[in-house]
Every structure is written in structure tokens, then in C-alpha cells.
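The values are calculated or read from the model by the stated rules, or taken from the named source; none is laboratory data. Please read all numbers here as calculations on a predicted model, not as lab measurements. Cβ sites come from the backbone with ideal geometry, for glycine too, and all protein chains shown count toward neighbours.
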Amino acid sequence: CKPGAGNPVLNDSSSPTKLLYSYYNAVSLKDYSRAFNLWRAGNPDSPKNLQDFGNGFAKTAEVRIEAGAARIGAAAGSLYANIPVVIISTDTSGQSQTFAGTYVISRANEVAGSDGTANSWRIRSANIKQISGVKQLGDSTTHQILTDLAAKV
């Protein structure tokens, strides 16, 4: 997926994977408010404020992502999805960096009387590190990284 300039807005949180693609679409479009609001508010791993969050992406020109299969589990009234990702980020000077890791996406189970926001998928945490060796998404190297990450969660 190559969200960004010239591409339509993706705003779909109906599944954990679609939420991640929507998140990076918002970052590429510099819609930091939308991206920020896809994090679970009040969670210790969530960004603390919109200004610092946006400043962290200020030099980002484009983000491309490939997500592996989500592994969904349940605990204490919530659903959790662990999703491996490989990310290629290009900055405003044209330099690219590659990252890989996992996101945890969560939502509350649907119960009578629960509020709609609790039932929406939101990013709970991210464990992303810079890597090397990936030239393009969709190749065998990317597939192997996603497979290896999935085996660790």
C-alpha cells in the first residue's frame, strides 16, 4: 500500500489491518490529527499530545507499509490483534529508511451499553525498529521479515 499524495484518503477502522493502512495514509497526507486519534487515548504507550506527535513526522514525505496477517486474541473483555509490519519512510530530502516490528491493535468486546469508541479498533502499542536490507515492499525479503515477526508474537 502506498498511501499519500495523489492517493485517496483511507479512513477505515473496521479491522486492525485496515486501521494501520489508514494510520499511515493519514501520516503521508500530513493529517496528523486523524493519525493521532487512531491511538487508544489514555494508554501509557499512546502519544501524549498532537503537537509532539505531528512534529515527529514533520520531515516525513511519504510512508509505504506492508502488513502481515493479524493474530487476534482476547483478554479481559477486549480483543487484541498483533500485526507485523515493514515500513519504508521517505523524508522530505528524498532519503528512505526502513522499519519493521509489530503493532498491537485493540478494541473492547461489544457489550450492551458500551460506548462506540471503546468498540473501535485503536492502536495500543508499537514496537518498531529501523532495519536494513529491504529495497521494496512485496518482495521475498519483506515476506520473510513478516513471517519471522509473526512467529515471535
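Are there any pairs with C-beta distances below 6 angstrom linking a residue in the range 84-100 that is in contact (Cβ under 8 Å) with a residue 60 or more places away in the chain to a residue that is among the small types (Gly, Ala, Ser) and part of a strand (DSSP E or B), with the two at least 6 apart or on different chains, and if so which?
Val85/Ala67; Val86/Ala100
Scan the range 131-149 and give yes if some residue there is within 17 Å of Val27 (Cα to Cα), assigned to a strand (DSSP E or B) and modelled with pLDDT of 90 or more, otherwise no. Give the derivation first.
Keep residues of the range 131-149 that are within 17 Å of Val27 (Cα to Cα), which gives none.
Scanning the range 131-149, I find no residue that is within 17 Å of Val27 (Cα to Cα), assigned to a strand (DSSP E or B) and modelled with pLDDT of 90 or more, so the answer is no.
Output the qualifying pairs, or none if there are none: Cβ atoms under 9 angstrom, residues six or more apart or on different chains, first residue in the range 131-144 and closer than 20 Å to Glu62 by Cβ, second residue at pLDDT 90 or above and of a type in the set (Asp, Glu).
Pairs found: Leu137/Glu66; Gly138/Glu66; Thr142/Glu66.
Restricting to the range 42-59, name every residue that is within 15 Å of the chain's Cα centre (by Cα) and within 22 Å of Ser15 (Cα to Cα).
Within the range 42-59, Asp45, Ser46, Pro47 meet the criteria.
So for the range 61-82 (the condition being under 23 Å from Pro8 (Cβ atoms), of a type in the set (Asp, Glu) and in contact with a His (Cβ under 9 Å, 6 or more places away or on another chain)), does at least one residue qualify?
Yes, the range 61-82 contains a residue that is under 23 Å from Pro8 (Cβ atoms), of a type in the set (Asp, Glu) and in contact with a His (Cβ under 9 Å, 6 or more places away or on another chain).
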